[in-house]
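One structure below.
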Amino acid sequence: MSEFQDALKSYHDAKKIADTPVEGDWRSMAGRLALQSRTRDELPDLRAKVVALAGRNISVVIPEGAGTDKFCAIASKRGFLVVNGDVVYRRIADYVWQGMAHKGGQFGISQYSMMLDEVGGMMSEMGVFRASPPQWNTAANVSNYDDLLKYITSIINNAPGVQFVAQYISHEVVRLALEIGYDLSSRPVVVKSPAPEVARLVGASSKIVTTNGRIGLEFVLEALGATKDEVKRAVAEEK
């Protein structure tokens with residue numbers, strides 16, 4: 001068992017103890033409650049270890065081309081974790097958009113301050129405290145949400161930059177995986193439509209799959225590393 005697999009197992013085992021109601025014989029109740037309390041106290045450190053190891057261990061598949069949406073839909077249906085590659089920009093845009101009184105207009109100093117607040121919160125979540133803040137010095141008109149999203153994307157990619165974006169995507173992958181009990185040590189994660197310059201920075205190994213041809217279950221499973229027998233069984237189940 002690798003260090004990463006061991007860390008994942010320790011976290012999931014502890015999470016199960018922490019979340020399972022203590023029931024049964026009252027004579028052993030005190031001891032089991034004490035164990036549960038200690039385990040809950042240990043969870044943050046166990047989670048931090050998983051996060052620290054994840055960047056060097058998670059495997060990422062990135063579909064690109066006309067069949068990306070279908071690829072992601074099939075992967076999700078088959079139980080693979082799918083994360084949107086624009087999660088960073090949308091999180092910031094959503095926060096700023098909520099604060100724009102007229103839902104469109106000028107991106108000025110108030111919107112820039114909101115963007116800094118949200119980026120700061122994201123960095124804090126990741127335990128990152130030294131990074132270049134987004135640079136901005138010219139007001140811009142944003143008539144709708146899509147305009148705002150594009151504008152924020154251009155600012156963020158400049159600074160704190162694509163490394164920050166990739167790091168947050170990895171952070172989101174781990175957060176979702178731990179939340180749903182997804183096995184990152186043996187199953188790849190699908191990242192949908194990240195910026196090209198971000199794609200190669202996400203995870204320990206990033207595999208880009210071109211989806212311009214016909215996209216079916218067999219193609220998706222093979223791209224995600226399934227064995228021939230696994231593909232054969234899955235295709236048979238679909239019939």
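Every number here is computed from the coordinates shown, using simple stated rules; none is lab data. Keep in mind that this is a model prediction, so the values were computed, not measured. Because the Cβ atoms are built from the backbone with ideal geometry, glycine has one as well, and the counts that use them run over all protein chains shown.
The DSSP beta bridges internal to the chain are antiparallel in roughly 20% of cases.
For the chain, the alpha-carbon coordinates run over 67, 49, 30 Å along the three principal axes, in decreasing order. Fully extending the segment from residue 233 to residue 130 would add 32.2 nm, taking 0.36 nm per residue of separation and subtracting the current Cα-Cα distance. Less than 5 angstrom separates the built amide H of residue 192 from those of 83, 84, 85, all sequence-distant by 5 or more or on a different chain.
For trypsin sites (Lys or Arg not before Pro), the sites in region 89-141 that DSSP calls loop and that have at most 16 other Cβ atoms within 10 Å are 103, 130.
As a length-normalised measure over Cα pairs under 8 Å and 6 or more apart, the relative contact order of the chain settles at 34 percent.
Across 43, 184, 148, mean-square fluctuation computed from a Gaussian network of the chain (C-alpha pairs under 10 Å connected) peaks at 43. The tail of the calculated P(r) for region 87-168 beyond 20 Å holds 24 percent of all Cα-Cα pairs.
Which helices, taking whole DSSP H runs in the chain, have alpha carbons extending 18 angstrom or more along the helix axis plus mean Kyte-Doolittle at least 0.0? Correct list, ordered by number: 109-126, 162-180. Net charge dipole, the chain: roughly 300 debye, given to the nearest 20, about the Cα centre with Cβ charges of +1 for Lys and Arg and -1 for Asp and Glu.
Near the amide H of residue 207, within less than 5 Å, lie the amide hydrogens of 60, 61, 62, all on another chain or at least 5 residues away, with H placed in the peptide plane.
For residue 16 and residue 163, a Förster radius of 30 Å and the Cβ-Cβ distance give a FRET efficiency of 0.30, rounded to the nearest 0.05. Whole-Hz Karplus values for region 205-214 come out as 9, 10, 10, 9, 10, 7, 10, 7, x, 6 Hz, taken residue by residue from phi with 6.51 cos²θ - 1.76 cosθ + 1.60 and θ = phi - 60°; glycine and proline positions read x. Highest-first packing order for the peptide set 231-238, 175-182, 24-31 is 175-182, 231-238, 24-31, based on the mean count of other beta carbon atoms within 10 Å.
The listed peptides 156-165, 54-63, ordered by packing as a protection proxy, come out as 54-63, 156-165 (highest mean of other Cβ atoms within 10 Å first). Taking Cβ atoms as reference points and 13 Å as the exclusive limit, the residues near residue 111 contribute a net charge of -3, counting Lys and Arg as +1 and Asp and Glu as -1. The convex hull drawn around the Cα atoms of region 1-54, when projected onto a plane and averaged over every direction, covers 3.9 nm².
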